[in-house]
Amino acid sequence: MKIGVDFGSYSLKIYAEGKGIVVDEPSIVAIDNQTGNPIAFGKAADNVYGRCSDDISISKVINNGVVSDFVMAERMLRYYLQRVCGNRIYKPNIILSLPSNISSVEKKTFLDVVTLTGAGRVCMVEGILASAFGCDSTKENFVRKMVIDIGHHITEYAIVSQGRITNHGTIKHGSYDIDKTIINHLRKDRDILIGPHTAREIKNKITTAKIRDCEVAMFPSGKSCLDRLPISFEITSTELYPYVSEQIDMIINEINDDIMKVSTDLLANVTDNGIMLCGGGSLIFDIAERLSEKLDIKCNVIDEPRLAKVKGLGYFINDNYFLDDNGYNFIFRDEIRDRLN
């Protein structure tokens, strides 16, 4: 069996041969502080995130695209792979997507996590390449297109031509920075405390990359900084716009600087074909329009943008020739480690 693993900072997604996407869970683990053992993974752990007692702690096992808690990352991946594979005695071959800018040491850490879970062989591919094929896997149309993947902690972008990355970059800003901005704004400017769940809900429901024609509002709950009592409050898209806009501009400016460095012919192709947007951050209202205006290139958010990368891994699994034809091979752990040294 071939399995595609997208182990991201926000979520773990797994694609299984013949089954499709079988896992889409937050990349967090709830841990019993007395025993040090995990007591819940993914969505079950996310349900206690921000509401933990002294007996339970939460581990975000992937941070900024790299492994931050090796033991719990391995335990989490093992749990879900066993759920997918059942009690089969053979070891699955795993296609693992990785950020394009991580070091050899960080790649080795990912490799160790995956092989310790029982993988037979591993093929490592750039996550942004998987995202590109998850956005558009129609080969005849896949000529010098650009994809921007706005993830949880990082944003990756690349120009892909005939199945190969020609230009790429990574920005250490993502949708999580908007969550933090919302939390900080409410604490500093309105004396209101909210947790990560509430910040994410606010971001998903009312944040906008451009001023809306019709303002939208919501009434979330939090705690007063003054007396720590529960409080319900109104917050609007207009109030949040300056803070969200600042974070989006950080991403746009870095991408624009790099686009200006590509060749005229390549830039002409990208301009003609447009830019595909994916990743959870691309769900922010009007972000495609904001990027289109700033970059002067038409941008479009794909369908199901959160799933682009894992869909791309599924494409690689189902195409028997793409990986071999482009120099990506399934090899054993020791072989990979030798190549990374």
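Which one, Leu267, Ser245, Phe7, projects farthest toward the positive side of the charge dipole computed for the chain from Cβ point charges (K/R +1, D/E -1)?
Going by the Cα projections, it comes out as Phe7.
For a test of understanding, tell me how many lysine pairs in the stretch 180-240 have Cα atoms under 17 Å apart, given they are 8 or more places apart or on different chains. Mind dumping the intermediate values first?
Working: Lys180/Lys188; Lys180/Lys203; Lys180/Lys205; Lys180/Lys223; Lys188/Lys223.
So the count works out to 5.
Name the lysines eligible as straight-distance cross-link partners of Lys91: C-alpha to C-alpha under 29 Å, and not fewer than 8 places from it in the same chain.
Candidates past the 8-residue exclusion: Lys2, Lys13, Lys19, Lys43, Lys60, Lys107, Lys108, Lys309, Lys311.
About the Cα centre of the stretch 180-240, how large is the charge dipole given +1 on each Lys and Arg Cβ and -1 on each Asp and Glu Cβ? Please answer in debye to the nearest 20.
Its charge dipole is roughly 300 debye.
Let's see if you can work this out: charge +1 on each Lys and Arg Cβ, -1 on each Asp and Glu Cβ, no other charges. What is the dipole magnitude of the chain about its Cα centre, in debye to the nearest 20?
880 debye
Using +1 at the C-beta of Lys and Arg and -1 at the C-beta of Asp and Glu, which of Leu291, Ile58, His168 has the Cα lying farthest in the positive direction of the dipole of the chain?
In the chain, that residue is Ile58.
Answer rounded, prolate or oblate for the stretch 217-266, using the Cα gyration tensor with square roots of eigenvalues a ≥ b ≥ c: rounded when a/c is under 1.5, else prolate when a/b is larger than b/c, else oblate.
Prolate, because a/c is 1.5 or more and a/b exceeds b/c.
For the stretch 242-310, just say rounded, prolate or oblate: build the C-alpha gyration tensor, square-root its eigenvalues into a ≥ b ≥ c, call rounded for a/c under 1.5, and beyond that prolate if a/b exceeds b/c, oblate if not.
Oblate, because a/c is 1.5 or more while a/b does not exceed b/c.
Projected onto the charge dipole of the stretch 1-125 (+1 at Lys/Arg Cβ, -1 at Asp/Glu Cβ, origin at the Cα centre), which of Gly86, Ser100, Gln34 gives the Cα projection farthest towards the positive end?
Gly86
Can you give me the relative contact order of the stretch 180-240 as a percent, contacts being Cα pairs under 8 Å and 6 or more apart? Present the calculation step by step, with values, prior to reporting the outcome.
Working: 80 pairs, mean separation 19.5, N = 61.
After rounding, I find 32 percent.
Taking a ≥ b ≥ c as the square roots of the eigenvalues of the Cα gyration tensor of the chain, is the shape rounded (a/c under 1.5), prolate (a/b larger than b/c) or oblate?
Here the chain falls in the oblate category.
When only C-alpha pairs under 8 Å and at least 6 residues apart count, what is the relative contact order of the chain, in percent?
Dividing the mean separation by the residue count of the chain yields 19 percent.
Around Ser161, which amide H atoms from residues at least 5 apart in sequence, or from another chain, sit under 5 Å from its own amide H, with H modelled in the peptide plane?
Those qualifying (amide H under 5 Å, at least 5 residues apart or on another chain) are Arg144, Thr166.
Readers should treat all values here as calculations from the given coordinates under stated rules, not as data from a laboratory. All values derive from a computational prediction rather than experimental measurement. Every residue, glycine among them, receives a Cβ derived from its backbone with ideal geometry; neighbour counts consider all protein chains shown.
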